[in-house]
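Notes to accompany the following structure.
The values are calculated or read from the model by the stated rules, or taken from the named source; none is laboratory data. Predicted model only: the values in this text are computed from it and were never measured. Neighbour counts run over all protein chains shown; Cβ positions are idealised from the backbone, glycine included. Just so you know, the surface numbers come from the protein's heavy atoms only, side chains and all, with ligands and any DNA or RNA stripped out. Shrake-Rupley method; radii C 1.70, N 1.55, O 1.52, S 1.80 Å.
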Amino acid sequence: MIYNPISVTELNKYIKGKFEEDEYFANVLVEGEISNYKHHYTGHLYFTLKDENSLIKCIMFKTYTGHLEFEPKDGMKVMILGSVSVFERDGTYQLYAKAMKPLGMVGDLRAAYEELKQKLEKEGLFDESHKKKIPTYPKVIGVLTSNTGAVIRDIINVSTRRNPNVVIKLFPVPVQGEGAAEKIAKGIEFMNEQKLADVLIVARGGGSLEDLWPFNEEIVARAIYNSELPVISAVGHETDFTISDFVADLRAPTPSAAAELAVPDIEEVKLKIQGYENRFKQALIRKVQFMRLRYEKCMKSRVFTQPLQKVNEQYMVLDMKMKAMEHSILQKLQIEKSNFQKLVMQLDTLSPLKTLARGYGIVYKQGIRVKNVTELKAEDEISIRMQDGETRAKIIEE
């Protein structure tokens, strides 16, 4: 079998495509030690991440370095959230870092995070089948977050800009620190018991893993899972993932995005309604035009232009059937007449009158035809019937 060769570029591009098709490579969490660290003048970070047995090249673009809360150094153990892909030019795969945090207490929290995540996932708290649909046109948005700070202001600003008629009900809760998880869970339960909203947004701004920890607590996860009201989780930045995100009915990358997901843009709704109205009008116009064409076509049909045509055609059919019936009767009469004549001729042949016409006579005794001579004796009076009449006689002797 002969194969057509491909170029190195095509091969590397194909391999890169395979990496990008695998969802696992889109978001991987990797722990390791930094080496060969270089902060490029462009703002990008280049380094190698290694452990006891292996290493992988890494790059963090300037777009993500602004969220770093520490200065990376060689020998530092870190945890990186990123994606794996192929650098086509060199034909090497590498880790593209989106977020990076130093290990320490973070490592213990990360272990607890993974343990709880696996536990809840096995129990089915993350299943898509349990997730509720976010209302398309909610009237009341319930928000659980701090009553100070930029989060609630962003949600109010975005919501009122998109729909000034929407009502925002804030249930203030602490979003970090000791006891925060219990108060967040109680807030979710209270909003459900009182039916205070159509949809809930659980939100806070960005921060370290320790800052976001209340949203990784089991009590909050179960409160979200048991909520009858749909819940949108908007915790931290786009690169932050909490247990609340997995349990919630919908995850928003930021609090502002949560408001956009929860509140429809009234102008877009108006445009959509206007579009439906125009489509309805056009459909109605086409329907009227179609019905008019059908009407005109019907009015031009023979049923309306010559209403008696069908009746006359049936008259013609009736006349034809009458003629056919008359013809059939005449034929039948002719046949019967012919048969009758044959029978008459046969009867005439057997008629005694024919015998009389040939000169014979018929003898009657007391009105009874005599067939044999033995029926007669002397002195019997008889009558003889001939062709032209009847005469009487008397037997002289036997």
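Restricting the first residue to the range 36-49 and requiring it to be charged (D, E, K, R), which pairs with a second residue that is assigned to a strand (DSSP E or B) meet a Cβ separation below 6 Å and a spacing of at least six or different chains?
Matching pairs, first to second residue: Lys38/Tyr46.
Please count how many residues of the range 217-242 are more than 18 Å from Gly187 (Cβ to Cβ) and either open to solvent by 10 Å² or more (accessible area, probe 1.4 Å) or not in a loop (DSSP other than H, G, I, E, B) (or both).
Of the residues in that region, 5 qualify.
How many of the residues making up the range 120-151 are outside any loop (DSSP other than H, G, I, E, B), small (Gly, Ala, Ser) and in contact (Cβ under 8 Å) with a residue 40 or more places away in the chain?
Number of matching residues: 2.
Given the options Val173, Val158, Val166, Val143, name the one that is more than 38 Å from the chain's Cα centre (by Cα) and crowded, with 17+ Cβ neighbours inside 10 Å.
Criteria check complete, one pass: Val173.
Among the residues that make up the range 329-346, is at least one of them in a strand (DSSP E or B) and without any contact (Cβ under 8 Å) to a residue 40 or more places away in the chain?
For the range 329-346, residues in a strand (DSSP E or B) and without any contact (Cβ under 8 Å) to a residue 40 or more places away in the chain: absent.
Residue by residue, here is whether (1) free of Cβ contacts under 8 Å to residues at least 40 places away in the same chain; (2) out of contact with any Lys or Arg (no Cβ under 8 Å at 6 or more places or on another chain) holds:
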site: Ile155; (1), (2): no, yes
site: Val167; (1), (2): yes, no
site: Gly179; (1), (2): yes, yes
site: Ala197; (1), (2): no, no
site: Gly207; (1), (2): yes, yes
site: Leu212; (1), (2): yes, no
site: Ser227; (1), (2): yes, yes
site: Val235; (1), (2): yes, no
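Could you tell me how many of the residues in the range 181-195 are in contact (Cβ under 8 Å) with a residue 40 or more places away in the chain and under 18 Å from Glu218 (Cα atoms)?
The total comes to 3.
Open to solvent by 30 Å² or more (accessible area, probe 1.4 Å), among the basic types (Lys, Arg) and in contact (Cβ under 8 Å) with a residue 24 or more places away in the chain, is that true of Lys62?
Answer is no for this residue.
Out of the range 348-366, which residues are of a type outside the set (S, T, N, Q) and at pLDDT 80 or above?
Here is the first cut: in the range 348-366, the residues of a type outside the set (S, T, N, Q) are 348, 350, 352-354, 356-365.
Result: Ile362, Val363, Tyr364, Lys365.
Which of the residues belonging to the range 347-364 are part of a helix (DSSP H, G or I) and not aliphatic (A, V, I, L, M)?
If the condition is that a residue be part of a helix (DSSP H, G or I) and not aliphatic (A, V, I, L, M), then Asp348, Thr349, Pro352, Lys354, Thr355 are the ones that fit.
So which residues in the range 45-88 are closer than 17 Å to Lys101 by Cα, in a loop (DSSP other than H, G, I, E, B) and not acidic (Asp, Glu), if there are any at all?
Residues satisfying the conditions are Phe61, Gly66, His67, Leu68, Phe70, Pro72, Lys73, Gly75, Met76.
Please work out which one of (1) surrounded by 12 or more Cβ atoms within 10 Å (Cβ to Cβ); (2) over 25 Å from Glu238 (Cα atoms); (3) not small (Gly, Ala, Ser) is the condition Asn53 fails and give its number.
(1)
Which pairs have Cβ atoms under 8 Å, sit 6 or more apart or on different chains, and link a residue in the range 255-279 that is farther than 23 Å from Asn157 by Cα to one that is crowded, with 17+ Cβ neighbours inside 10 Å?
Partner pairs satisfying both residue conditions: none exist.
Starting from residues that are of a type in the set (Ser, Thr, Tyr) and open to solvent by less than 60 Å² (accessible area, probe 1.4 Å), keep the ones in the range 243-284 and report whichever is nearest to Ser227 (Cα to Cα). Explain how you work it out, then say what you get.
Keep residues of the range 243-284 that are of a type in the set (Ser, Thr, Tyr), which gives 244, 254, 256, 276.
When the remaining residues are screened for being open to solvent by less than 60 Å² (accessible area, probe 1.4 Å), the result is 244, 254, 256.
Numbers: Ser244: 12, Thr254: 21, Ser256: 22 Å.
Of everything passing the filter in the range 243-284, Ser244 is nearest to Ser227 (Cα to Cα).
Taking the criterion of being more than 29 Å from the chain's Cα centre (by Cα) and either polar (S, T, N, Q) or farther than 29 Å from Met60 by Cβ (or both), would at least one residue in the range 266-275 satisfy it?
The answer is no; no qualifying residue exists.
Against the condition closer than 14 Å to Asp74 by Cα, open to solvent by less than 60 Å² (accessible area, probe 1.4 Å) and either at pLDDT below 90 or not in a helix (DSSP H, G or I) (or both), how does Thr42 come out, does it pass?
Values: closer than 14 Å to Asp74 by Cα: no; open to solvent by less than 60 Å² (accessible area, probe 1.4 Å): yes; either at pLDDT below 90 or not in a helix (DSSP H, G or I) (or both): yes.
Spelling it out, it is not the case that Thr42 is closer than 14 Å to Asp74 by Cα, open to solvent by less than 60 Å² (accessible area, probe 1.4 Å) and either at pLDDT below 90 or not in a helix (DSSP H, G or I) (or both).
If we keep just the residues of the range 8-39 that are within 16 Å of Ser83 (Cβ to Cβ) and of a type in the set (Lys, Arg), which is surrounded by the fewest Cβ atoms within 10 Å (Cβ to Cβ)?
Lys18
Right, Glu326: assigned to a helix (DSSP H, G or I), out of contact with any Lys or Arg (no Cβ under 9 Å at 6 or more places or on another chain) and open to solvent by less than 80 Å² (accessible area, probe 1.4 Å) or not?
No, not satisfied.
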